[in-house]
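Here's the structure, in structure tokens; my notes come after.
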Amino acid sequence: MDQPKSQPLLMPNRIVFSDIDGTLLNPERELSSFTISEVQRIKNQIPVILISSRMPSAMTHLQNELGIIDQPLICYNGGLILVDQQPIHSTVIPVDIIEKLNTFNASTKVHLSLYYEDEWYVPEMDFWANREASNTKVVPQVKSTSRVIDTWRDGNKGAHKIMCMGEEPMIDKVFNYLNSTFGNHLHLYRSKPTYIEIAHKSISKLTAIEMLLDTHFDIPISDVVAFGDNYNDMEMLKAVGTGVAVANAKKEVLQIADTVTLAGKEDGVATYIKNNIL
């Protein structure tokens, strides 16, 4: 693996952006010692930026392990960008949309997780909340969706991300409702048949990368190498100089990537870095 589909890779690698889930973590959903050592080997010369749909506190412990806590962080698929742990960009889903989704959900009763900066609210610690907490090593606050909506409306806040989780037939109904009602306002990612990750339509991983390159790094996008596995990585992988898909990526992601490395759980990112960077 690690071979391009056509011609040798000639683009310089001056900065790395990596997705987390499905891309960077081992079978225990942790960072392997190989991944940690390879990032630490290059980090003083090549910035390594984590870019994910996760909330900040579900990413900073990984930054600490990698020794890159001083680097920016792209959270919520680009909805929140942090530099020196402070927001430099924030785009949220308006409360009115959340309220309409909550009203529709009375008939489907899928789990709704609401996120704003480092706040994560769940209506109860059900199967879905416990699984996400285990995966991300973050514990949510339990508060009814209607109470969160009221609090956010009073505080002029919104959701950086909404996560819908439930059985596939019910998730299908919610997806169809959101797509038909708010398709012009929302990004809807079916990361799994039982999940919908919802973000504002105006942002993406690519918009976040472009913002950081322009305002913080002064590096052209042609000098970027990015790693990903899922649909929300496709725009990013197509735009950067070197888009690298892990072998377990969705078929559509593999088709548009410049090159393919080993699977995420087989240290694909670390293997690519070892063989191609510095």
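Coordinate-derived values only; no laboratory data. Computed from a predicted structure; not experimentally measured. Quick reminder, even Gly has a Cβ in these numbers, built from the backbone with ideal geometry, and neighbours come from all protein chains shown.
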Inset, instruction - Return the whole-Å distance between the Cα centroid of segment 20-77 and the Cα centroid of segment 205-278. - result: 14
Legend entry - Global size of segment 222-278 as Cα Rg and Dmax, reported in angstrom: 10.2, 30
Legend entry - Helix-only mean residue ellipticity at 222 nm for the chain, each DSSP H run of n ≥ 4 adding -39500 (n - 2.57), per residue, nearest 500: -9500 deg cm²/dmol
Inset, instruction - Using only Cα atoms, tell me the angle between helix 168-182 and the longest principal axis of the chain; keep it within 0 to 90° and round to the nearest 10. - result: 90
Inset, instruction - Just the Kirkwood number for segment 95-200, please: inverse of mean 1/r across all distinct Cα pairs, in Å, one decimal. - result: 13.8
Inset, instruction - May I ask for the angle, rounded to the nearest 10°, between helix 145-154 and the longest principal axis of the chain, with both axes built from Cα atoms and the value confined to 0 to 90°? - result: 80
Inset, instruction - Step through the table entries 201/238; 192/238; 173/201; 109/251, compare each Cα-Cα distance with 29 Å, and write down the pairs that go over it. - result: 109/251
Inset, instruction - Mind sorting 177, 76 by how few other Cβ atoms lie within 10 Å of their own Cβ, fewest first? - result: 177, 76
Legend entry - Once the Cα gyration tensor of segment 18-77 is diagonalised, semi-axes √(5λ) in Å: 16, 15, 9
Legend entry - Per-residue Cβ neighbour rank within 10 angstrom, fewest leading, 144, 191: 144, 191
Inset, instruction - Counting other beta carbons within 10 Å of each Cβ, put 95, 225 in order, fewest first. - result: 95, 225
Inset, instruction - Normalising by the residue count of the chain, find the relative contact order in percent from Cα pairs under 8 Å and 6+ residues apart. - result: 24
Inset, instruction - Along each of the three principal axes of the Cα atoms of the chain, give the extent in whole Å, ordering the values from largest to smallest. - result: 53, 37, 34
Inset, instruction - Report the local net charge at residue 226: Lys and Arg +1, Asp and Glu -1, summed over other residues whose C-beta lies under 14 Å from its C-beta. - result: -4
Inset, instruction - Could you tell me the convex hull volume per residue, in Å³, taken over the Cα atoms of segment 156-224? - result: 120
